[in-house]
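Trainee: My questions all concern the structure below.
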Amino acid sequence: MTKRMDKSTKETFNFQAEVAQVLNIVINSLYTDREIFVRELISNAADALEKFRHLTLTESDLSQKDRELKIDIMVDEKAKTFTITDNGIGMTKDELLENLGSIAHSGSADFLKRMAENLKSDVHLIGQFGVGFYSVFMVAKKVTVQTCSCHTDDPGYEWESTGDNSFTIQTKPDLSVGTKIILHLKDDAVEFAKPFTIRQSIKKFSSFVPIPIFLNGDRVNTIQAVWTRTRGEVKDEEYVEFYKYLSGGFDDPLDWMHFATDAPLSIHSLLYIPTENVEKYGFFKLESGVDLHCKKILIQKGAKDILPPYFRFIKGVVDSEDIPLNISRESMQDSLLLKKINRVLTGRLIKHFDTMSKNEPEKYLKFWKTFGPFIKEGIVSDQEQRDNIAKLLRFQTSKTKEDEMISLDEYVGRMPDNQKEIYFINGEDRSSILSGPYAEVFLDRDIELIFNFDPIDDFVMNHLGKYLDKSFISAESETIKLPEKSKIITDTSETTSSEKIDKKITKQLQTEIKKILGDKIADVRASERLVESPVILINPMSQITGAMQRIIRSVNKENIPTSHYIFEFNPHHHLIQKLSKMIDSHQTMFELVIEQLYDQAALAAGLPVEIKTHIDRIYKIIDKAVAET
């Protein structure tokens, strides 16, 4: 840069030719919101004050060492000015040239070249030039900086620029230690001379700055940054109050996690679990409720990548001093670092929920009933944490009470030695599962069966594959390998008999049923699993249950994975025994009943049935039955 002296001892410094272009990029391209300048100036002022606070501990000859540290903002609508003053460390003339002239460093040409090639790439370069201050030129037609350093007896200095290709510096006697920045606002930016506008910006970005901020004489930032304190210092009432501040609501949180670590990353976080899942009403999908801060300054509200999507119900604050930011502080430069923060917080949250389930089971059950769908989503989407998340799953089973739920660890822990697999079944509710054909063999053999009431649950089991080396098997699957029977079927049921039809008649039944059902089925068998039901459909596609097929069918009707089920009949059932005697004598009735039994089995399996055909057939069966009486 070059400089020239005028008669009033004001020095004018000319930027290099390309600096005007760099300023144009900073003012018009980097920031998405003009109010960002308020945050930038407060952040810089807070840094200057923190540096002064640190120096008071190490240096004894500082000017005005014992003064109260604060940030004063004054706005004047009539004069169209915005003024911010801090009584921090201040700047010498050389520091003015370094800090506010850094954009003129020799590397600015390279900076401009990189920016011109691709604004979004290599944005970490921007921070090397310290141009955050220049966001003021989005709203100011002229900027005046008055400053006096706490280090020397030199007079103060005044820096001034209109954001073109030059700035001036002149001596300014009798300035107090610190820095005052005066923005002479553009005509289209006079809103920033209004106290309400600035108050809202401070509340949005700088509420937790530890230095008192005054706006036209009134203290603005009164909320403490609770997450930066140690857990033992914070009372439960303070946690609840802070949650209400963050959420803007009146309800108390269900629980919270206050977590801090210095290694491998510096992270201070306070994460809350709400009491309600508003997503369940189906009106919208939740967005991230966790705000990202750096040194108590808001960087990104609702940071999407700070936690995985399945934790989007979490609200709170994450603060890390390790975050490298681009010049606008609006995006992360280092995606790898962000992934590390994500991984640390995700692991801690999962551990927190696991601890809650053991130490506060009633609270955890309430959490599960409210946010269980999100945990299931994590099983499907997060391969890295899948095994850990699986510990959080809860189920009703054939051996639990209706209001009781158990974990997979509990299920596996009470499996008999001869059981090698984890069995599950999907159904609308508990009673429909217990009364259906798929559960009866498990009840008969005293084998615990996990109940899934949501079709997505089968996808969860499919993605898990195994738990503690035990494979998940659907009760409707062909590949079930059940332990030996715990009891022999006796003639205690109105529908079953201790006798069964002989092999010849069984073979004849198989042949006739195949002829009637044709392409609807893959095969016909005499069942080894039925106890009280006459028929059942067995799914040969063990990886795609009926519930999964229903979901796929609802969203992709043109590409449905089809499965021809295996039709099994119960040779012990009185109805099947009576049907076996009708093959030759009542062929028409036999065919109608077989088709009807197929529909009943399909309904039990959750498969689609042509309702009109189904009803018409019932009338025909009734008509024939009445005619023969």
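All of the numbers you see were taken from the coordinates with simple rules; none came from a lab. Just so we're clear, the structure is a prediction, and the values are computed from it rather than from any experiment. Cβ sites come from the backbone with ideal geometry, for glycine too, and all protein chains shown count toward neighbours.
Trainee: For Asp255, Asp354, what's the fewest-to-most ordering of other Cβ within 10 Å of each Cβ?
Mentor: Asp354, Asp255
Trainee: Still on this structure, I have one more. How high is the FRET efficiency from Asp584 to Asp403, r the C-beta distance, R0 45 Å, rounded to 0.05?
Mentor: The calculated FRET efficiency here is 0.25.
Trainee: Quick one: 3J(HN,Hα) in Hz for the stretch 238-248, Karplus 6.51/-1.76/1.60 with θ = phi - 60°, rounded, Gly and Pro as x.
Mentor: 5, 4, 5, 4, 5, 4, 5, 5, 5, 7, x
Trainee: What is the local net charge at Lys186, summed over the other residues whose Cβ is closer than 11 Å to its Cβ (Lys, Arg +1; Asp, Glu -1)?
Mentor: Computed value for this residue: +1.
Trainee: If the reach is capped at under 21 angstrom between alpha carbons, list the lysines near Lys504, excluding any in the same chain fewer than eight residues apart.
Mentor: Lys514, Lys515, Lys578, Lys581
Trainee: Among Lys420, Lys376, which comes first, then next, by fewest other beta-carbon atoms within 10 Å?
Mentor: Lys420, Lys376
Trainee: At a 10 Å Cβ-Cβ cut-off, how would you order Asp429, Asp252, Asp187, fewest neighbours first?
Mentor: Fewest-to-most ranking of Asp429, Asp252, Asp187: Asp187, Asp429, Asp252.
Trainee: Along its principal axes, what span do the Cα atoms of the stretch 395-487 show, with the longest given first and each in whole Å?
Mentor: 30, 29, 27
Trainee: Straight-line reach from Lys466: which lysines fall under 22 Å, measuring Cα to Cα and dropping same-chain residues less than 8 apart?
Mentor: Answer for Lys466, where 22 Å is the Cα cut-off: Lys351, Lys376, Lys391, Lys399, Lys420, Lys481, listed by chain and number.
Trainee: Another question, then. Extending each Cα 7 Å along its Cβ direction at Asn99 and Thr511, get the distance between those two points in nm, one decimal.
Mentor: Label-label distance for Asn99 and Thr511, simple model: 9.9 nm.
Trainee: So if we plug the beta-carbon distance of Tyr619 and Asp502 into 1/(1 + (r/R0)^6) with R0 = 41 Å, what FRET efficiency do we get, rounded to 0.05?
Mentor: After rounding to 0.05, the efficiency reads 0.75.
Trainee: If you find the alpha carbon centre of the stretch 355-402 and of the stretch 498-531, how far apart are they in angstrom?
Mentor: 41 Å
Trainee: Provide the gained length on full extension for the span Arg550 to Ala522, in nm with one decimal, where the gain is 0.36 nm per separating residue minus the Cα-Cα distance.
Mentor: Contour length minus Cα-Cα distance gives 8.1 nm.
Trainee: Now, a different point. Compute the length gained on full extension between Glu77 and Lys481: take 0.36 nm times their separation in residues and subtract their Cα-Cα distance, giving the result in nm to one decimal.
Mentor: Stretched fully, the Glu77-Lys481 segment lengthens by 137.4 nm.
Trainee: So if I take the centroid of the Cα atoms in the stretch 152-206 and the same for the stretch 592-618, what is the distance between those two points in Å?
Mentor: 80 Å
Trainee: State, to one decimal in nm, how far the label point of Ser266 lies from the label point of Gln170, with both points 7 Å from Cα in the Cβ direction.
Mentor: 4.1 nm
Trainee: I would also like to ask the following. For the pairs Lys358/Lys470; Lys285/Lys315; Lys204/Lys244; Lys51/Lys339, flag any whose C-alpha to C-alpha distance is greater than 26 Å.
Mentor: Distance filter (> 26 Å) returns Lys51/Lys339.
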